[in-house]
Structure formats: C-alpha cells, structure tokens
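What follows draws every value from the coordinates through simple rules; no lab data is involved. Everything numeric in this text was worked out from a predicted model, so none of it was measured. Using ideal geometry, Cβ is built from the backbone for each residue, glycine included, and neighbour counts are taken over all protein chains shown.
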Amino acid sequence: GPFDSGTAAVEARGLTQDQYREIVASRPPWDIAGGMLWKSLASVEDDPALAAASPGALAGAVRVPIHIMHAYQDEQTGPSGVWLWNAVPDDTPKRLVLSNGDHGVVGNFNSDRRGWLDFWTLRDGKEDSRGLADRDRRVQVHFETRRDARSVNKPLTAADFPLPRTVWTRYYFREQGKLAVARPEEAALPGDSYQVDASRPDSERVGATYQLEFAAPTAVCGPLAVTLWASCSTVDTDFFVVVADVDPRGVVQALQRGLLRASHRALDRETSHWVTLDGEETLVRPRHTHRAVQPLTPGVPHEFHIEVFPVGHVFRPGHRLLLRVSPPPRADRVTRHGDGRPAYEYESAPPPGSVTILRDREHPSSVLVPLLPELPPIADPPPKPGEQDGIFVE
C-alpha cells in the first residue's frame, strides 16, 4: 500500500507474507476509468456524485477527536486542511496546526500530534497537563518554519480559523501598480491590460501587478479574497493570482496562489465563508458552484471573486506584498516538491485575446487581506530568501 501501509497492516494483524499476498491477489482489479479521480478529471462541471464524495461533505459526521495538520504550500493536499476544520462540527474535539511548508513539514510537529493522540487514547481525555482540550488554544499557528529545521518557532494560539482577531483590510487596485486603502473616486480610468496566448512560454505570460510596501513588520494569516473587475476580448479566460513577498533588493518569494476560470464565476453564497465587518457581511472565502457555465460577453465588465488560498507570513520592514493577476503558467512554481520541482501543471488554453483589469469608481477591483493586530512569535535574524519551508524564490 502507499507509504508502506501494507507493511503496517501485516505487522498489526500478525500476518505472514504469504497470507498478505493472498489478500492482495483476491482484490478485484482497479477500474481506473470508473474511479472518482478519472471522472473528476473528465468532467467540465461539478456534479452531485463528485460533491458527495468530497471529504468536505463527510467532515460534518466526524464525532471523534481529530487532529489536522495543514501546511500552506502542501503540494498534495492543497488548501483543504483549514476548510475541513470548518466543516468538522464545532463541538467535536479538534485541533488545527498550521505552518508554511510542503507535505513533509508535518514531521516537525509530531510531538503535538503524539500528545493529542496519547491524550485521547491512553488518558481518555483526562489529565490535560498540556492544555490540549483548551478551546481557546485549539488552533496553533507557526510562522517562518525553516527548511530542514530541527526546531520551530512557538505558535500563535487561537480558538478558531480564520483567526478571530484578524483585522480584515481591503486594498484597492490603483494607478502605477499600487495597492491602497482609499477607494478609487474617478468615474473613468484606463484599465491594466495583458495578452492571453497559450502558445507563449511561461516567461512571457505576463499580467498585471499591484504592490503594497510595509514600513513596519506586518503579519498576515488567512485566505485573501480578490474582487476582480475585468473585461475580456473573448468568451472565456483563466485567472491565476499570485501573492508574493518582494524584498528591498527585488527578490521575489511566491507565497500562495488562487485561480478561477471566468466562465465558472457563479458564486455559491451558501458554502462561501463570510465575516461581519462594520455591520455588513463580507466575503472572505469565495466558493463557486462550478455548474451552469456562464460565457463572458466580450468587451463587457464582469465581476469575479477569487480565493487566494490561506497563508501565514511576516513581511519585514521595507518588504512589499505583491499581487499578480495573469494567465496560468504551464508549470506552477508557487507550489513545488521539496526539491524545487513544480508540483502542478495547468491545461489552460483559452482563446487568445486580451484581458483588461478595471479599477475605477464603478469597478473597484480589490483584495481583502487578513492582517494580524500584532506579530506572532518569530526569531531574529529573519530567514534568508529560500530558507522557509515551502517558499521558493521565483
């Protein structure tokens, strides 16, 4: 089995190798074409069968203690860990451990996982010397976990995720590629245009970028929600949104990304995540129905809500948050394997054309950023570019 699960089963059940081989031989052959993975890859839209098989649809039935470890740049599980956390009933004992990193970073947190397992199995949820049952500390967020680290920074603790003390701050796309808290007042402004051509190499798939500089160290933690107003010269296109850290020397470290096919823009308001800000319900995690595909009307402005998957990061003084909107690359250089190889490839081939991002009074493109009111536990000096697990230099 995967990750030597077969060997583990043999040892746990006291089987001989011959007995195990008989079990394996008796299994029916795997019908690849009939499997859920093949069906999902071959389906243009979501459907009830796919939705019912999603772990998110099953998480509501979890009634036993559960420990979820989530790495923001995990090349295998993507953003699913934090959203499974929300789907598990709130009265189920649960714990969420967050960190930057790829799939292998979980090993840095084995002590927490063992402590949780021992507490609920060996001690039957009693003798809680580590505060594992403390609801106010059931979310543990680690920042700046280094690659191949022998130790990690102490966690920022909270009762829930997104973090209850998050200062959700909206920044608007402005002229000269800037992000600003002031909403645009001009009725008509030229937009920012880029070309879409799937035949181009990744190095030539440029888009529009917007930046925000930090004078003081600033932490973000959570999903980023992009509200994008754009017009397109064709009936469909794909958006790829990257959030990165740019240091004073111009070194770019990609932190996270989000993506959306324009024709799939229909919002699922019921399953999207909302918070109340200034008395109004505000979208912080858009989810889409991925049904009833809606082609674009060429040349007409449309509104798109794009989730940039959750991330936790500290921007040091003089560093900038960069947000880039572009066509998807063939090779995703944001989420990579531990050796640096891109973990995903995108089959994105929309009709060639142009996209114009709008940023005027009637079409205020923006990004909602999850700022923290204070810095989490971090160490000085800060990690050098490329030293943080799961975060690579572009």
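See the values below:
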quantity	calculated
Low-density loop positions, GluC sites (Glu not before Pro), region 161-215 - DSSP coil, at most 12 other Cβ in 10 Å	GLU185, GLU186
ARG114 versus LEU15: modelled label distance in nm, points set 7 Å from Cα along the beta carbon direction	2.8 nm
Positive minus negative residues near GLU362 (Lys, Arg vs Asp, Glu; Cβ under 14 Å)	-1
Gain in span if fully extended, VAL235 to ALA266, counting 0.36 nm per residue against the direct Cα distance	9.7 nm
Region 20-82: GluC sites (Glu not before Pro) in DSSP loop, at most 13 other beta carbons within 10 Å	GLU45
Hz values of 3J(HN,Hα) by residue in region 21-27 - Karplus curve (6.51, -1.76, 1.60), Gly and Pro given as x	5, 5, 5, 4, 5, 7, 6
GLU303 paired with LEU58, simple spin-label distance in nm, labels 7 Å along Cα-to-beta-carbon	3.7 nm
For the chain: lysine pairs under 27 Å (alpha-carbon distance), excluding those fewer than 8 apart on one chain	5
Backbone HN-Hα couplings from phi across region 111-116 [Karplus 6.51/-1.76/1.60, Hz, Gly and Pro as x]	4, 5, 5, 5, x, 5
Around TYR20: net Lys/Arg minus Asp/Glu count, Cβ-Cβ under 12 Å	0
Among TYR210, PHE119, VAL167 - extreme Cα towards positive end, dipole of region 82-239, charges at beta-carbon	PHE119
Cα centroid separation - region 217-288 against region 56-111, whole Å	21 Å
Derived scalar couplings ³J(HN,Hα) [region 308-318; Karplus, 6.51 cos²θ - 1.76 cosθ + 1.60; whole Hz; x for Gly, Pro]	8, 4, x, 8, x, 7, 10, 8, 7, x, x
Cα-based shape type of region 259-394, given that a ≥ b ≥ c are square roots of the gyration tensor eigenvalues and the cut on a/c is 1.5	oblate
Prolate/oblate/rounded label for region 194-353 (Cα gyration tensor, a/c 1.5)	oblate
Computed magnitude of the charge dipole of the chain (debye, nearest 20; Cβ of K, R +1, Cβ of D, E -1)	520 debye
Near-label residues of region 218-240 by backbone N, under 16 Å of a point 7 Å along Cα→Cβ of GLN195	233-234
Cα gyration tensor shape of region 116-179, rounded if a/c is under 1.5, else prolate or oblate by comparing a/b with b/c	oblate
Net charge over other residues, Cβ less than 14 angstrom from the Cβ of GLY386 (K, R count +1; D, E count -1)	-3
Peptide ranges 320-326, 88-94 listed from the most packed, as the mean C-beta count within 10 angstrom indicates	320-326, 88-94
Rough spin-label spacing in nm, given labels placed 7 Å along Cα→Cβ, for GLU175 and ALA8	5.9 nm
Net charge dipole size for region 168-393 [Lys, Arg +1 and Asp, Glu -1 on Cβ; Debye, nearest 20]	240 debye
